[in-house]
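The values are calculated or read from the model by the stated rules, or taken from the named source; none is laboratory data. Here the structure is a predicted model, which means the values were calculated and not measured. Cβ: placed from backbone, ideal geometry, glycine included. Neighbour counts: every protein chain shown.
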Amino acid sequence: MNRTKYVILGGGMVAGYAAKELVERGLKPGELVIVSSDSALPYERPPLSKGFLSGKDSADGILINPADWYREHSIDVKLRTLVAKVDPSSRSLRTSSGEQIGFENLLIATGAQPRKLDSPGKDLAGVFYLRSMGDSENIRSKASGAKKAVVIGGGFIGMEVASVLAQKNIETTLVIREDRVWSRVFSPEISAFFDNYYSSRGVHIMKQVSVDALNGSGSVRSAKLSNGQEIACDLVVAGIGVSPTTDRFEHGLRVENGFVVNEFLETEIAGIYAAGDVANYPDRIFGKRRRVEHWDNAVSQGQHWARIVTGDRQPFVHVPYFFSDVFDLSYELWGDSEGSTDVAIRGDAHTSSFSAWWLKDSRVVAAFVMNRPDEERNVAPEWIKTGHKVAASRLSDAKQPLSQAA
């Protein structure tokens with residue numbers, strides 16, 4: 001059995017950025033093994049529903065580190081490799097091919113899997129989910145000849161995919177269960193803005209409905225909705241959430257909506273850590289446990305783990321962050337609006353330049369910023385981290401500088 005200092009299970013963004021950080025902190029040749037079921041080296045995930053899906057980005061262009069980089073630093077990346085068993089007592093794992101690998105420190109970064117539709121016709125050709133580079137390539141290939149598409153789900157994946165397809169001149173319908181887009185995150189004002197923005201660019205938004213069945217002979221040809229309406233389509237993309245991939249590694253580890261870790265991203269077994277989509281960690285800023293499925297969290301936790309195992313044992317303290325690009329817009333989100341008591345809008349929410357600030361007892365807990373001065377982007381995470389108190393009425397007055405809102 002080969003034994004190494006660091007093993008990362010999962011070849012996603014956590015692995016790519018953790019490897020990069022380890023190298024910067026003096027990783028020696030042969031000290032890191034990455035075990036990945038993917039066929040590609042670690043790559044950026046956001047482009048899969050944006051630039052890569054649209055065809056602007058190439059496969060090589062979204063790699064976190066080029067292939068030569070791993071060879072240069074003697075990092076063993078085992079692609080297309082599944083893990084059959086992890087044995088914490090012997091600090092080793094066995095792959096499905098029978099290879100055994102021992103480790104001193106193990107990072108589980110197995111990510112998440114898309115939730116699947118359970119309606120009739122779910123297995124028809126032309127029905128897709130978006131999680132991997134291969135998924136994005138398949139959707140892009142199908143879109144090249146598609147005329148009508150149905151996108152299921154009003155979260156960020158559904159919104160981004162609908163944006164890309166509409167810009168390919170595909171007649172696109174966005175089907176959502178809720179009464180407005182991304183209601184779990186957006187305020188009513190933000191949802192209303194995007195509703196109008198998408199509609200003006202040809203996207204039909206069907207609200208408070210679900211897909212009862214997908215119809216077709218071999219390939220999807222229409223979607224039957226819960227309101228009785230039938231929509232013709234030759235492409236369906238479902239973005240209805242994901243589930244953390246914990247099934248292969250539950251033995252000896254506590255699993256509750258992901259692997260339960262402490263403030264150092266460590267499980268109950270010393271030397272075994274979890275990060276990214278699969279980690280349920282204590283958020284010290286908001287005082288609750290959290291599992292985050294976004295790019296920034298995977299990057300930050302991968303880097304933080306590398307610092308911890310190389311001697312800088314600091315708790316993970318991080319303001320949740322998300323960004324998106326749709327049509328010609330870019331926006332950013334920080335924090336957690338759950339439990340907020342007020343929302344202050346700065347600027348005009350009927351235009352593409354405004355920000356929203358969620359307050360809880362006058363303290364800033366979340367912020368949305370789109371096409372606003374850099375000052376707003378800069379103070380948002382700091383105010384959330386420190387629990388900065390502001391007056392909503394002053395914050396809403398864009399004529400007043402932010403410093404006067406306290």
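Of the residues making up segment 32-60, those that are in contact (Cβ under 8 Å) with a residue 40 or more places away in the chain, more than 22 Å from Ala143 (Cα to Cα) and not hydroxyl-bearing (Ser, Thr, Tyr) are Leu32, Val33, Ile34, Val35, Asp38, Ala40.
Filtered by the rule that a residue be under 13 Å from Leu395 (Cβ atoms) and either outside the structural domain of Arg394 (by TED's automatic domain parsing) or of a type in the set (A, V, I, L, M) (or both), segment 329-364 gives Val343, Ala344, Ile345, Ala356, Leu359, Val364.
In the list Gly30, Gly10, Gly26, Gly55, which residue meets the criterion of being buried (at least 18 other Cβ atoms within 10 Å of the Cβ) and at positive phi? So the residue among Gly30, Gly10, Gly26, Gly55 that is buried (at least 18 other Cβ atoms within 10 Å of the Cβ) and at positive phi is Gly10.
Residues checked against (1) in a loop (DSSP other than H, G, I, E, B); (2) crowded, with 22+ Cβ neighbours inside 10 Å; (3) in contact with a strand residue (DSSP E or B) (Cβ under 8 Å, 6 or more places away or on another chain):
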residue	(1), (2), (3)
Gln113	no, no, yes
Lys116	yes, no, yes
Arg131	yes, no, yes
Gly134	no, no, no
Glu137	no, no, no
Gly145	yes, no, no
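Among the conditions (1) under 30 Å from Ile272 (Cα atoms); (2) of a type outside the set (Gly, Ala, Ser); (3) over 21 Å from the mean Cα position of the chain (by Cα), the only one that Leu107 does not satisfy is (3).
Screening segment 231-249 for residues that are assigned to a loop (DSSP other than H, G, I, E, B) and hydrophobic (A, V, I, L, M, F, W, C) and picking the one that is nearest to the chain's Cα centre (by Cα) gives Ile240.
Take segment 61-109 and flag every residue that is of a type in the set (Ser, Thr, Tyr), part of a loop (DSSP other than H, G, I, E, B) and buried (at least 17 other Cβ atoms within 10 Å of the Cβ). Before the answer, list the steps.
So in segment 61-109, the residues of a type in the set (Ser, Thr, Tyr) come out as 70, 74, 81, 89-90, 92, 95-97.
Those left that are additionally part of a loop (DSSP other than H, G, I, E, B): 74, 81, 89-90, 96-97.
Within segment 61-109, just Thr81 meets the criteria.
Are any of the residues in segment 373-388 closer than 19 Å to Ala192 by Cα, surrounded by fewer than 18 Cβ atoms within 10 Å (Cβ to Cβ) and not small (Gly, Ala, Ser)? No, segment 373-388 contains no residue that is closer than 19 Å to Ala192 by Cα, surrounded by fewer than 18 Cβ atoms within 10 Å (Cβ to Cβ) and not small (Gly, Ala, Ser). Looking only at residues of segment 213-230 that are assigned to a loop (DSSP other than H, G, I, E, B) and in contact (Cβ under 8 Å) with a residue 12 or more places away in the chain, we find that the one that is surrounded by the most Cβ atoms within 10 Å (Cβ to Cβ) is Val220. Looking at (1) out of contact with any Phe, Trp or Tyr (no Cβ under 6 Å at 6 or more places or on another chain); (2) in a helix (DSSP H, G or I); (3) surrounded by fewer than 22 Cβ atoms within 10 Å (Cβ to Cβ), which one does Gln301 not meet, given that it meets all the others? Here Gln301 clears every test but (3).
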